[in-house]
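Worksheet for the structure shown next.
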Amino acid sequence: QVQLVESGGGLVQPGGSLRLSCAASGITFSIYNMGWFRQAPGQQREFVARITSSATITYGDSVKGRLTISRDNAKNTVYLQMNSLKPEDTAVYYCNANIFSADYWGQGTQVTVSS
């Protein structure tokens, strides 16, 4: 059974930082492309960042320069370091694992940026 479990969300003030984690089980983690998406209330799900099995990284335009994705294959975990957070970063953040037709999602973790 595939599980992606996100953690690290919470309430942070504008300009603050958070690090999200996504622990995967039930998959051969190292061969999967891992990504983060987010969805704000009333909005469509938005691409945030992706790191492939070969460690190629891409970011969504709205987060470039502020967020950093990384992975630890030994721990079956992908991370999202978020700095200089803005109120518009408020959303539920979802972890995604993808390879060919296999596509898995976590339950999400809430990030709220507010003073």
Where the accessible area of the chain is counted over protein heavy atoms with a 1.4 Å probe, how much of it, in %, is carbon and sulfur? 47
In whole Hz, with x marking every Gly and Pro, tabulate ³J(HN,Hα) for region 44-57 from phi via Karplus 6.51 cos²θ - 1.76 cosθ + 1.60, θ = phi - 60°. 7, 5, 10, 5, 10, 7, 8, 10, 7, 5, 9, 6, 6, 10
Which of these, LEU80, LEU20, LEU11, has the largest mean-square fluctuation under a Gaussian network model of the chain (Cα springs below 10 Å)? LEU11
For the chain, with every protein chain kept in place, what is the accessible area per residue (1.4 Å probe, Å²)? 52
Based on alpha-carbon centroids, what's the gap between region 3-27 and region 40-115 in Å, whole number please? 9
The set of residues whose placed amide H lies less than 5 Å from the amide H of THR90, leaving out same-chain residues fewer than 5 positions away, is VAL113
Each residue of region 34-41 in order: what ³J(HN,Hα) in whole Hz does its phi give by Karplus 6.51 cos²θ - 1.76 cosθ + 1.60, θ = phi - 60°, with x for Gly and Pro? 10, x, 10, 10, 9, 9, 8, x
Each residue of region 67-81 in order: what ³J(HN,Hα) in whole Hz does its phi give by Karplus 6.51 cos²θ - 1.76 cosθ + 1.60, θ = phi - 60°, with x for Gly and Pro? 10, 10, 9, 8, 9, 10, 5, 5, 9, 6, 9, 10, 10, 9, 8
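The values are calculated or read from the model by the stated rules, or taken from the named source; none is laboratory data. Just so it is clear, the structure is predicted and the values come from calculations on it, not from any experiment. Side chains included, ligands, DNA and RNA excluded: accessible areas come from the protein's heavy atoms. Shrake-Rupley method; radii C 1.70, N 1.55, O 1.52, S 1.80 Å.
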